[in-house]
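Engineer: Submitted below is the structure of interest, expressed as structure tokens.
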Amino acid sequence: MKRLAAWGAAAVAAMALALVPCIGSPTLVQFGISTLLLATLAQAWNIIGGFAGYASFGNSVFYGLGSYGTAIAMLRMGWPFGVGLALGAALAVVFAVAIGMPVLRLRGHYFAIATLALAEVMIAIVSNLDIAGRNIGLVLPLLRGDTMFYELSLGLLVLTTLTVLWLSGSRLGFGLIAIRESEDAAAVVGVNTTAYKVCAFALAAFFSALAGGIHAYWITFIDPASAFDISLNVKMIIMAVFGGPGSILGPVIGALLLASISELLATEVSTAASLFFGFIIVIAVVFMPRGLADVARRLPQLRWRYFGDNVRTHRL
Amino acid sequence: MLLLLQVLANGALLGGLYALMALGLALVWGVLNIVNLAHGAFIMLGAYVCYYLFTLAHMDPFAALPVAMLLLFCLGYALQRGVLNLIIRAPMFNTLLITFGFEVVITFLAQIVFSADFRAINPDYAGANVTLTGVTVPLVRLAAFAVALGLTAALSLLLNRTRVGRAIRACAQDLVAARLHGVEPRHIYALTFGLGAALAGAAGGLYGIVSQINPYIGGALTAKSFAICIIGGLENPFGVVVGGLFLGIVESLTSVYVGATYADVASFGILVLVLIVRPTGLLGRTT
């Protein structure tokens, strides 16, 4: 019953969000597009990071491949936007499968750093490719249609979230959770860990690449440093972990909340915005280490003791 | 042939400094299992301490290194004792996130206090060099290299020959057993993190002497230190030195013979390969 109410609320919220371009100011719509895309990225990260427990720093590579795939298809081949998106997504999925096989064998910090290194390598490689405009970047045709981009981003976020909802009740999702809790035990009970992890990686790649493609066409300019930006990947992780990794709506709520906070800070106290942002991260990690989803579950019972409890379980 | 020798010499000298940068990260990672994303920011702070001691107090930059190390040690000790000890048993994401939070705060404050301008520590003897069989060796880089190796040896002695060092290694191996033998982990953890920060401070001072600094250099230096830790392994300080030398030499070879833009492809490509072939590092033990 409670679950049903939560989903009803989520559906109403999605519909309300869909109406924003009709009533909101252009600035709000633009803020909305970038925030919805960030929420999509956080949700896509949730599949590999939250469910499978693999701290990927390579999702910004998928985002970048999506951006460049779309841009190259539109500029160099003259294909329409939709085909470009599909090409970018296909590129990212192929890359995820090819690179996932060796890299997903690594665990913990080692996986995190290998994917971090991949992002660095991609920046350098793309900066040297003629077809990708080297380090100058590519300029896409201008399309004035913030409403279209907004609805597209919202649709993508809903699609990603529905996929995660399906995942949470599927064999694949349970397998990924088993891998997160104990990979050896999962393998012993017959989970094909490699195939499951590569699947999760490819799913994350697919949605991240679509977000990248939409962003590229909206912003009309991409260059290697911004398309493969690692701090974007850090943002995804922060948003997903803040919201609650491994939950269904947590990463979306975390992303919307954090993006709004940082936007408000940027307008109210422009110079100190990143300072506050840093403090919020530190405080959130200390007092609510399992994210908003866990706060929503346990705070009503424990009240203020919740925060003390968290510190007590995790301190030395 | 002479060019090759010169390139190798440059790479090795750079590599010594790289090794010192990575040493603190490796120590903290190996003992506390924290990958400190603020490590590069600590290096940046150390560089600014030396810069201001040199420009305002007219101290010799090499003499300013101990001051930078002391200040960074205090900062590291306080951060671990006050904040990081609170979340040490939380999942890995959380320690990554919180140190990233530190990095954001430190970089922001540095940009306010120090301004975003590029700075360099330029003592009178900055241009001096010696020529050995045709290979030019800048004296400052040679001195930085020597300091880096000296500090590595000092850390190795500290870990292997002193009571505190034994306590640090005990905490890394088995926390429960260490506690049963009377080790106070809160203090030892803070001490270890402080030592890591002090090493970053020294690396920063040397980096400021051989290169330019601004408040944003931290992120790239953290990534580079990571790469070195992986290549060298975490078990032994001298492994980190080998990792640093390797990376320095590979980078200078690629920038001369392939192109400067490929230096990062080479170093990070090697990192990925090493991880795939030997996940415990080139010199690490296979488990």
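Engineer: Hey, among the residues in segment B:124-165 that are polar (S, T, N, Q) and closer than 30 Å to B:LEU4 by Cβ, which one's surrounded by the fewest Cβ atoms within 10 Å (Cβ to Cβ)?
Structural biologist: Only one residue fits best here, namely B:THR133.
Engineer: Filter segment A:211-243 down to residues that are small (Gly, Ala, Ser) and farther than 23 Å from A:ILE48 by Cβ, then give me how many there are. Full working, then the answer.
Structural biologist: So in segment A:211-243, the residues small (Gly, Ala, Ser) come out as A:211-213, A:216, A:225-227, A:231, A:240, A:243.
Remaining after also requiring farther than 23 Å from A:ILE48 by Cβ: A:225.
Residues meeting the conditions: 1.
Engineer: Only one of these conditions is not met by B:GLN80: (1) surrounded by fewer than 18 Cβ atoms within 10 Å (Cβ to Cβ); (2) modelled with pLDDT of 85 or more. Which number is it?
Structural biologist: Of the numbered conditions (1) surrounded by fewer than 18 Cβ atoms within 10 Å (Cβ to Cβ); (2) modelled with pLDDT of 85 or more, the odd one out for B:GLN80 is (1).
Engineer: For A:GLY53, all conditions in the list (1) touching a residue at least 40 places away in the same chain (Cβ under 8 Å); (2) farther than 19 Å from A:SER226 by Cα; (3) in contact with a Ser or Thr (Cβ under 8 Å, 6 or more places away or on another chain) hold save one; what is the number of the exception?
Structural biologist: The one condition A:GLY53 does not meet is (3).
Engineer: Separate question: Return a yes/no flag: does segment A:189-203 have any residue that is modelled with pLDDT under 90, among the aliphatic types (A, V, I, L, M) and touching a helix residue (DSSP H, G or I) at 6+ places or on another chain (Cβ under 9 Å).
Structural biologist: yes
Engineer: Regarding B:GLY208, is this residue more than 14 Å from every other protein chain (Cβ to nearest Cβ) and in contact (Cβ under 8 Å) with a residue 60 or more places away in the chain?
Structural biologist: yes
Engineer: Could you list, ordered by first residue, the pairs with Cβ atoms under 6 Å in which the first is in segment A:272-283 and more than 8 Å from every other protein chain (Cβ to nearest Cβ) and the second is part of a helix (DSSP H, G or I), at least 6 apart or interchain?
Structural biologist: If the second residue must be part of a helix (DSSP H, G or I), the pairs left are A:ALA273/A:LEU265; A:ALA273/A:ALA266; A:PHE276/A:LEU265.
Engineer: Regarding segment B:214-236, can at least one residue be identified that is in contact with a strand residue (DSSP E or B) (Cβ under 9 Å, 6 or more places away or on another chain), under 25 Å from B:THR99 (Cα atoms), surrounded by fewer than 20 Cβ atoms within 10 Å (Cβ to Cβ) and not aromatic (Phe, Trp, Tyr)?
Structural biologist: Within segment B:214-236, one or more residues are in contact with a strand residue (DSSP E or B) (Cβ under 9 Å, 6 or more places away or on another chain), under 25 Å from B:THR99 (Cα atoms), surrounded by fewer than 20 Cβ atoms within 10 Å (Cβ to Cβ) and not aromatic (Phe, Trp, Tyr).
Engineer: Same structure again: Considering only segment A:90-134, how many residues are more than 10 Å from every other protein chain (Cβ to nearest Cβ), outside any helix (DSSP H, G or I) and surrounded by fewer than 20 Cβ atoms within 10 Å (Cβ to Cβ)? Before the answer, list the steps.
Structural biologist: Filtering segment A:90-134 for residues more than 10 Å from every other protein chain (Cβ to nearest Cβ) gives A:90-98, A:100, A:104, A:126, A:129-133.
Adding the requirement that they be outside any helix (DSSP H, G or I) leaves A:104, A:129-133.
Then drop every residue that is not surrounded by fewer than 20 Cβ atoms within 10 Å (Cβ to Cβ), which leaves A:129-131.
Qualifying residue count for the region: 3.
Engineer: Exactly one condition in (1) at pLDDT 90 or above; (2) touching a Leu at 6+ places or on another chain (Cβ under 8 Å); (3) surrounded by fewer than 24 Cβ atoms within 10 Å (Cβ to Cβ) is false for B:ALA197; which is it?
Structural biologist: With respect to (1) at pLDDT 90 or above; (2) touching a Leu at 6+ places or on another chain (Cβ under 8 Å); (3) surrounded by fewer than 24 Cβ atoms within 10 Å (Cβ to Cβ), B:ALA197 is out only on (3).
Engineer: Any residue that is assigned to a helix (DSSP H, G or I), within 14 Å of chain B (Cβ to nearest Cβ) and among the hydroxyl-bearing types (Ser, Thr, Tyr) - is there at least one of those in segment A:22-29?
Structural biologist: no
Engineer: Do we find that A:THR220 is within 18 Å of A:ALA96 (Cα to Cα) and modelled with pLDDT under 90 in this structure?
Structural biologist: no
Engineer: Hey, another quick one. Return the residue satisfying two criteria in turn: it lies in segment B:1-30 and is within 14 Å of chain A (Cβ to nearest Cβ) and either in contact with a Cys (Cβ under 6 Å, 6 or more places away or on another chain) or surrounded by 24 or more Cβ atoms within 10 Å (Cβ to Cβ) (or both), and of such residues it is nearest to B:GLY205 (Cα to Cα).
Structural biologist: Residue satisfying both the conditions and the ranking: B:ALA22.
Engineer: I would also like to ask the following. Kindly list the number of the only condition in (1) away from chain B (no Cβ under 14 Å); (2) of a type in the set (S, T, N, Q); (3) surrounded by fewer than 24 Cβ atoms within 10 Å (Cβ to Cβ) that fails for A:SER231.
Structural biologist: So A:SER231 meets the others, but not (1).
Engineer: Related question: So if I check each of B:GLY233, B:GLY269, B:GLY259, which one is on the phi > 0 side of the Ramachandran plot, without any contact (Cβ under 8 Å) to a residue 40 or more places away in the chain and among the small types (Gly, Ala, Ser)?
Structural biologist: B:GLY259
Engineer: Read through the list (1) more than 11 Å from chain B (Cβ to nearest Cβ); (2) under 18 Å from A:PHE31 (Cα atoms), then give the number of the only condition that A:ARG305 fails.
Structural biologist: Unmet condition: (2).
Engineer: Follow-up question, since we're still on this one. Checking the condition surrounded by fewer than 22 Cβ atoms within 10 Å (Cβ to Cβ), of a type in the set (A, V, I, L, M, F, W, C) and part of a helix (DSSP H, G or I), which residue from A:VAL61, A:VAL83 passes?
Structural biologist: Result of the check over A:VAL61, A:VAL83: A:VAL83.
Engineer: Would a scan of segment B:239-254 turn up a residue that is polar (S, T, N, Q) and within 8 Å of chain A (Cβ to nearest Cβ)?
Structural biologist: No: zero hits.
Engineer: Just a yes or no: is a residue in segment A:30-40 of a type outside the set (A, V, I, L, M, F, W, C), farther than 26 Å from A:TYR63 by Cα, modelled with pLDDT of 80 or more and assigned to a helix (DSSP H, G or I)?
Structural biologist: no
Engineer: Can B:GLY165 be described as at pLDDT 90 or above and closer than 18 Å to B:LEU234 by Cβ?
Structural biologist: yes
Engineer: Consider segment B:98-117. How many of its residues are more than 15 Å from B:GLY40 (Cα to Cα) and either crowded, with 19+ Cβ neighbours inside 10 Å or facing chain A (nearest Cβ under 7 Å) (or both)?
Structural biologist: Of the residues in that region, 0 qualify.
The values are calculated or read from the model by the stated rules, or taken from the named source; none is laboratory data. Here the structure is a predicted model, which means the values were calculated and not measured. Please note: Cβ atoms are built from the backbone with ideal geometry, for glycine as well, and neighbour counts cover all protein chains shown.
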